[in-house]
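Encoded as structure tokens, the structure appears first; notes follow it.
The values are calculated or read from the model by the stated rules, or taken from the named source; none is laboratory data. Only a predicted model underlies this, so the values are computations on that prediction, with no experimental measurement involved. Note that we place each Cβ from the backbone using ideal geometry, even for glycine, and neighbour counts take in every protein chain shown. The protein model used for the area step is the full one, side chains on, heavy atoms only, and it has no ligands, DNA or RNA in it. Shrake-Rupley method; radii C 1.70, N 1.55, O 1.52, S 1.80 Å.
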Amino acid sequence: MSSPSPLYDDPVLAEAYARVTATNVYNAAYERPAVRALLGAVRGLDVLDAGCAAGEHAVWLQADGARLVALDASETMVRITRSRLGDGAHVLQADLAQPLPFADASFDVVLSSLTLHYLDDWGLPLREFARVLRPGGRLVITTHHPFLLPMLRMIDDYDYHTVALVEDAFDSFAAEPVPVRYYHRPLARIVADVLGAGFVIRGLHEPMPTAEADARNPAAAERLRKRPWFLIVDAERDCR
Ligand SMILES: C[S@@+](CC[C@H](N)C(=O)[O-])C[C@H]1O[C@@H](n2cnc3c(N)ncnc32)[C@H](O)[C@@H]1O
């Protein structure tokens, strides 16, 4: 299974990722609250968390009564999420670049949070999400906002309109920046990929930082208020 970064596989870095993202602004006070508000009540729903990492969404989904299946490509992340969810939780190692090991129409909701930007081809994973969702089932994707890179630092030499591999480094998980590779994807391509896989788009959302973000890191919160970091796609399996 290909890994986008040692962050997700190396046990020490993965533990650091789990610790930092439990309380940081970008995940804990920006992306996760927006996803939870959008998903609403999940009690009794069959939910797939596709790209669970250290299980922050998974823990909430399970606590709120979803019948949860969580997957991740990283063995280390699967181990961390399993240990947090406890015995009986359904957490498996699986690669979204491959067909999913689930029957057709077995989920009400698929959440794929901050994971698809690690894949260059969204065709197969999105068609698989459509296949495993029941008619009318909901897909919520969060991903790097497509304007993020041009706005931040690559404006001069960056071709916005192509899907392109970005070699980056995250600096909040270890003493030295940790290399990470992901794909930039233009907005029109994100929309076309989702529609092309058999979904109707209910909404595109650009979240705002919460009050908690202001309390934790006012400078980061102020940046996020002016520049979207993540994009949320809310879609429904088309049953026409
Ligand atoms: C930024 S983390 C996800 C964050 C997580 N959803 C959360 O809320 O904490 C990205 C995750 O995607 C996983 N990943 C990357 N490529 C993948 C693939 N092809 N199939 C499944 N998981 C993948 C990584 O192992 C990593 O755990």
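Summary table
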{"quantity": "Residue among 6, 33 that is under 23 Å from residue 94 (Cα atoms), in contact (Cβ under 8 Å) with a residue 40 or more places away in the chain and within 13 Å of the ligand (Cβ to nearest atom)", "calculated": "6"}
{"quantity": "Sole exception among (1) open to solvent by 20 Å² or more (accessible area, probe 1.4 Å); (2) within 12 Å of the ligand (Cβ to nearest atom); (3) farther than 30 Å from residue 135 by Cα for residue 14, by number", "calculated": "(1)"}
{"quantity": "Exclusive hit being part of a loop (DSSP other than H, G, I, E, B), within 12 Å of the ligand (Cβ to nearest atom) and not charged (D, E, K, R), set 58, 54", "calculated": "54"}
{"quantity": "Residue check, residue 185 of a type in the set (D, E, K, R) and either open to solvent by less than 20 Å² (accessible area, probe 1.4 Å) or out of contact with any Lys or Arg (no Cβ under 8 Å at 6 or more places or on another chain) (or both)", "calculated": "yes"}
